[in-house]
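**Q** Let me give you the structure first, and then I'll get to my questions.
The values are calculated or read from the model by the stated rules, or taken from the named source; none is laboratory data. All of these numbers come straight from a predicted model, not from anything done at the bench. Cβ: placed from backbone, ideal geometry, glycine included. Neighbour counts: every protein chain shown. Areas reflect the complete protein model, heavy atoms only, side chains present, ligands, DNA and RNA absent. Shrake-Rupley method; radii C 1.70, N 1.55, O 1.52, S 1.80 Å.
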Amino acid sequence: MGDTDSAYVFLGLTAAGECPALELMVCASPDEAFARARLWLGSHRSCVRAQIWRDDQLLAEVTD
């Protein structure tokens, strides 16, 4: 990892609030993490939203 890279966790959530998918990704910035989370969510059809976490902080949620 470079000096500015951080690990982000994407949690995919269903409409019922279940979490059938999760992934750890290394991104250079929060903006990159948001963009990648949108693409990642598109590949998980059972999920309607994805939470983006860094460490113990929820940064954002993206929806399909």
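**Q** Evaluate the relative contact order of the chain (contact order divided by residue number), counting alpha-carbon pairs under 8 angstrom at least 6 apart; express in whole percent.
**A** This gives 35 percent for the chain.
**Q** Let me ask you something else. Check each of the trypsin sites (Lys or Arg not before Pro) in the chain and keep only those in coil by DSSP with at most 16 other C-beta atoms within 10 angstrom; list them in order.
**A** Arg45
**Q** Could you state the principal axis extents of the C-alpha atoms in the chain, from the largest down, to the nearest angstrom?
**A** 38, 21, 15 Å, listed from the longest principal axis down.
**Q** Here's something else I'd like to know. Give the accessible surface of the chain per residue, rounded to a whole number of Å², with probe radius 1.4 Å and ligands, DNA and RNA excluded.
**A** Using a 1.4 Å probe on heavy atoms only, each residue of the chain averages 63 Å².
**Q** Calculate the spin-label point distance for Ser43 paired with Glu23, positioning each point 7 Å from the Cα along the beta-carbon direction, and give it in nanometres.
**A** It is 0.3 nm.
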